[in-house]
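Data block below; observations after.
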Amino acid sequence: MKTWLTTTDHKRIGLLYFWTAFVFFLMGGLEALVIRAQLASPAGIGVSAEAYNQLFTMHGTTMVFLALMPLSAAFFNYIIPLQIGARDVAFPRLNAFSYWVFLLGGLFLNASFVAGPLFGAGTLSVAPDGGWFGYANLTSKQFSPGPNIDFWLLGLQILGIASLAAGFNFIVTILNLRAPGMKMMRLPVFSWMTLVTQFLVITAFPVITVALVLLMFDRFFGTHFFVPAGGGDPILWQHLFWLFGHPEVYILILPAMGIVSEVLPTFSRKPLFGYTVVVYSGVLIGFMGWGVWSHHMFAAGLGPIADSVFSATTMLIAIPTGVKIFNWIATMWGGQIRFTTAMLFAVGFIGMFIIGGLSGVTHASPPADLQQTDTYYVVAHIHYVLFGGTMLGLFAGMYYWWPKMTGRRLSEALGKWHFGLTFVGMNLAFFPMHLSGLLGMPRRIYTYPAELGVAQLNLVSTIGAMLIGVSVLVFMWNLWRTRTRGEAAGNDPWGGATLEWTIPSPPPPHNFDVIPTVASRLPRWTSTQLRAIPEGAEGKAAHIHVPGGSWWPMITAFGLPVMAVGAISHQLWLVFAGVAVAIVGIYRWAYEPFEV
Amino acid sequence: MLLSAAGCGGPFPQSTLAPKSDFGVAVDQLFTTIFWWAVVVFVIVEGLLLFTIVRYRRRAGAPEPKGLHGHTALEIGWTLAPALILVFIAVPTMRTIFATAGRAPLPPGALRVQVIGHQWWWEYRYPDLGIVTANELHVPVTTPVQLDMTSADVIHSFWAPGLGGKRDVMQGRTSHIAFTADSTGEYLGQCAEFCGASHANMRLRVFVQSDTAFQAWVSRQRSAPAPVAKGSLVERGRDLFGRSACIACHTIEGIPQARGTVGPNLTHVGSRTTLAGALFPNTADYLRRWIANAPSLKPGSLMPPMPLEGADLAALVAYLQSLQ
């Protein structure tokens, strides 16, 4: 137990990220199921308007910040050092700090579900209710007087610190800790996409942090950054939020694209087609992701010039995305495709992401978007991208790397059930939403009039969502039974090409007995060029220093939620107590003897 | 076509797919163009994907695949092909953006209406006609209409899909929608930007009327209140209204103390077909329940419950219904 609390081992932190994010994924999923149950019929199941607004706000916030991002982070943590031939990340204690901050930030946000009585209200009354996008001026003190929005803006600030710390950590790790001979253009594509993602994280999160700090000033100290009556501008919030929010979309999708780029070659027995093009298009998407944010604001009336420019940049980003898809298909072309569960999810990712991309092109056109935005058509689009895309990609990664992480393969039979139910469920759930949106059903409504004629479509969506729920149960059963009954994986169950498959599963604490020298992009497939573990090197493992644990990252992390609790309860002394905890933690951390 | 495939009937009164105005038709034509391009790309790419996974599935005894690393001509080809398709989408898009911006100078004979979003109802002011009403917008057919829109509180979005796209309304800014309806009828719509507790209950209706019907509506809205019979229930209701808390928020022309502007103008409330943000039919029963306890019918409603006795409530309902 203590060794897990103080661990600085990237593999253990990766597993902590996985299990924590998976629990949050289940919570976000439960929220979605309640939402779908409510919308199954116009009359609903009695979820109040106020409760519904909290549910959809927390569903979006949870899935983006507490499930998809940290599930990707679980793979960054576990896999990146193994793929680049390193013994750990560059800053192991900072890595532990990122995890604890993420966990505590997530707990702080979700505590709002039960914190009502502390504020003289009931349960399910003070959770964030302004949408994951928190549009001003609805979030101002005047229109949202309760602590709901405070939970949201403080929780997101905490989570931002976790993301930023991890972002710097992984950039330094990937740039500096590569094994000898692993030039940038020999880096596995998953590591490349992680690098691009982390650059987006460290540039995009400061933008939302600024926005959140300004909103916090408005709410706590009576400033008027977003209050029109005081000379502020709600449009400023939209610009800041989407200037973060659109790069965030690529933060969510690029890691999944990286995973798929690993899985497809392995199970096609062919190297990735157009490696350089796939890498550069990923980098290009990262850059172009910064120039499209106002396409979230076409209905805000920015004027025809701005609409035209942002429409053009948005359409352009379809090109590098399309190029990736063609290269993935070309990777499989002429191959020997093995349909393992990981491969099924990777192919499913391509098929579903195409649909999400095409519906995206339809609302890249501002006049068309004037009918589509804020309707279920856009709900369909984002779920094809973030569930059909990111989540299927992450499932592919789970089946692909689970043997490496635990030493046991997940059941392929259950895996295929999992994939089939997920695939059918998601299409039943999300495809009809295109139609209900075009037929006039707006988003974020807890009820709709029967006369709209969209009740049957909504019922189908709800059935699909329930199927996805069943598929997740199958997956959980698979995870559970694999603990004891999973087939032993060996070093390399799939015949993979990258360095993580050269070492035991799960890897020893120091990963590599001898740091390999890399002479190729696919070191395992051109093994003559891999000067891998020389004979007799095993004995040296005993002398490899593995850093011990540290309490200070966790203690420092605890300072942040203490500050947030102080702020939300308006107890200044508690804020200072939190600051003191963090300062003492950082000081002791800095002077702690610790060698890597 | 898609809908019949989905096994759904109709009618769909809030559909975006059956536009009845120049704005709506322009948007719909553009969407149709993009939609068919998307279908073409969908069929090609998904077809290619399916063909690949079927054709190249592993077979016993097949030779090891060749380790092909890339192909420059192919890369250039599948970069240029989507770029070309995007040109076919971008050009009509830009044209439609400028055509539907809603900022051109008003043509002669156009009707101008100010739209003000409130939590959670719509206020309409016809500055040239001196009419103030709520939730139900009346416009003449084949006449250019311009909506100059703003908000009294948070951001809302005015959306009547049959007549065109939505635009957000915001405190301190004016946004515009311009359209010319081509068919008479009743069009459903609702607020499309999340605006708090009763966002789902902020609905609206647009009545596109023939010129004569619109003129009749205008003259009725501008008419003085009908005389009230002495000792009638309506008279009791009117006196009650003038002494009640209602006047703090509502205006009724002819009652000097009723000058509130927080809630809808009730001068001709009896002529509307719906109540409470176009949420309920305007019947005596709904009106009674609404006055007695508005928040129970519409979560978060800023109109507090009115503790009135049965007879007083009945009088008030009779009076409001008489305001045709």
Open item on the list: Going by what's in this entry, would residue A:503 be described as under 24 Å from the mean Cα position of the chain (by Cα), buried (at least 19 other Cβ atoms within 10 Å of the Cβ) and of a type in the set (Val, Ile, Thr)?
Closed with: no
TODO: Any chance you could count how many residues in the range A:409-440 are more than 12 Å from chain B (Cβ to nearest Cβ) and in contact with a strand residue (DSSP E or B) (Cβ under 6 Å, 6 or more places away or on another chain)?
DONE: 1
Open item on the list: Being touching a residue at least 40 places away in the same chain (Cβ under 8 Å) and more than 9 Å from chain A (Cβ to nearest Cβ) is the requirement here; does residue B:26 meet it?
Closed with: no
Open item on the list: Anything in the range A:237-262 that is away from every other protein chain (no Cβ under 13 Å) and farther than 17 Å from residue A:204 by Cβ? List them, or say none.
Closed with: A:256, A:257, A:258, A:259, A:261, A:262
Task: Options A:287, A:217, A:226; residue that is surrounded by fewer than 23 Cβ atoms within 10 Å (Cβ to Cβ), farther than 29 Å from residue A:197 by Cα and more than 10 Å from chain B (Cβ to nearest Cβ) - done: A:217
Open item on the list: Can you tell me which residue is nearest to residue A:266 (Cα to Cα) among those in the range A:368-408 that are within 14 Å of chain B (Cβ to nearest Cβ) and hydroxyl-bearing (Ser, Thr, Tyr)?
Closed with: A:384
Task: Residue list for the range B:119-167, filter: among the hydroxyl-bearing types (Ser, Thr, Tyr) and away from chain A (no Cβ under 14 Å) - done: B:124, B:126, B:133, B:142, B:143
Task: Any pair with Cβ under 8 angstrom, 6 or more apart, that starts in the range B:49-63 at a residue that is without any contact (Cβ under 8 Å) to a residue 24 or more places away in the chain and ends at one that is in a loop (DSSP other than H, G, I, E, B) and charged (D, E, K, R) - done: B:58/A:338
Open item on the list: Taking the criterion of being of a type in the set (Asp, Glu), part of a strand (DSSP E or B) and touching a residue at least 24 places away in the same chain (Cβ under 8 Å), would at least one residue in the range B:118-128 satisfy it?
Closed with: yes
- [ ] Return the residue satisfying two criteria in turn: it lies in the range B:275-298 and is assigned to a strand (DSSP E or B) and within 17 Å of the chain's Cα centre (by Cα), and of such residues it is surrounded by the fewest Cβ atoms within 10 Å (Cβ to Cβ).
- [x] B:280
Open item on the list: If I filter the range A:40-47 for residues that are assigned to a helix (DSSP H, G or I) and either under 30 Å from residue A:547 (Cα atoms) or small (Gly, Ala, Ser) (or both), do I get at least one hit?
Closed with: no
Task: Condition check for residue B:83: within 14 Å of chain A (Cβ to nearest Cβ) and assigned to a loop (DSSP other than H, G, I, E, B) - done: no
Task: Which numbered condition residue B:205 misses (of (1) more than 18 Å from the chain's Cα centre (by Cα); (2) buried (at least 20 other Cβ atoms within 10 Å of the Cβ)) - done: (1)
- [ ] Working only within the range A:132-145, note down all residues that are surrounded by fewer than 24 Cβ atoms within 10 Å (Cβ to Cβ), facing another protein chain (nearest Cβ under 10 Å) and more than 15 Å from residue A:208 (Cα to Cα).
- [x] A:142, A:143, A:144
- [ ] Give the residues of the range B:29-76 that are closer than 30 Å to residue B:161 by Cα and facing chain A (nearest Cβ under 7 Å), sorted by residue number.
- [x] B:30, B:31, B:34, B:35, B:38, B:41, B:42
Open item on the list: Going residue by residue through the range B:138-154, is there one that turns out to be in a loop (DSSP other than H, G, I, E, B), touching a Leu at 6+ places or on another chain (Cβ under 9 Å) and within 23 Å of residue B:211 (Cβ to Cβ)?
Closed with: yes
Open item on the list: Condition first: surrounded by fewer than 20 Cβ atoms within 10 Å (Cβ to Cβ) and either facing chain A (nearest Cβ under 7 Å) or modelled with pLDDT of 95 or more (or both). Now tell me which residues in the range B:10-19 satisfy that.
Closed with: B:10, B:11, B:17
Open item on the list: Which count do you get for residues in the range A:306-320 that are more than 7 Å from every other protein chain (Cβ to nearest Cβ), buried (at least 21 other Cβ atoms within 10 Å of the Cβ) and of a type in the set (A, V, I, L, M, F, W, C)?
Closed with: 2
Open item on the list: Among the residues that make up the range A:155-171, is at least one of them assigned to a loop (DSSP other than H, G, I, E, B) and more than 14 Å from chain B (Cβ to nearest Cβ)?
Closed with: no
Open item on the list: For the range A:85-98, check the following and say yes or no: at least one residue is within 20 Å of residue A:552 (Cα to Cα), of a type in the set (Phe, Trp, Tyr) and not in a loop (DSSP other than H, G, I, E, B).
Closed with: yes
Task: Residues (facing another protein chain (nearest Cβ under 10 Å) and either under 18 Å from residue B:22 (Cβ atoms) or without any contact (Cβ under 8 Å) to a residue 24 or more places away in the chain (or both)) located in the range B:168-186 - done: B:170, B:171, B:172, B:173, B:176, B:177
Open item on the list: Can you pull out every residue in the range B:19-62 that is basic (Lys, Arg) and more than 37 Å from the chain's Cα centre (by Cα)?
Closed with: B:55, B:57, B:58, B:59
Task: Within the range A:435-458, tally of residues that are out of contact with any Ser or Thr (no Cβ under 7 Å at 6 or more places or on another chain) and not in a loop (DSSP other than H, G, I, E, B) - done: 6
Open item on the list: Take the conditions surrounded by 13 or more Cβ atoms within 10 Å (Cβ to Cβ) and within 30 Å of residue A:335 (Cα to Cα) and apply them to residue B:140. Does it pass?
Closed with: no
Task: Segments classed as strands (runs of 3 or more DSSP E), wholly inside the range B:160-244, with at least 3 members that are within 21 Å of residue B:123 (Cα to Cα) and at pLDDT below 95 - done: B:175-180
Open item on the list: Please count how many residues of the range B:208-227 are touching a Phe, Trp or Tyr at 6+ places or on another chain (Cβ under 9 Å), over 28 Å from residue B:297 (Cβ atoms) and surrounded by fewer than 22 Cβ atoms within 10 Å (Cβ to Cβ).
Closed with: 4
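The values are calculated or read from the model by the stated rules, or taken from the named source; none is laboratory data. A quick note: this is a predicted structure, and the numbers were derived from the prediction, not measured. Here Cβ is always computed from backbone atoms with ideal geometry, including for glycine, and neighbour counts include all displayed protein chains.
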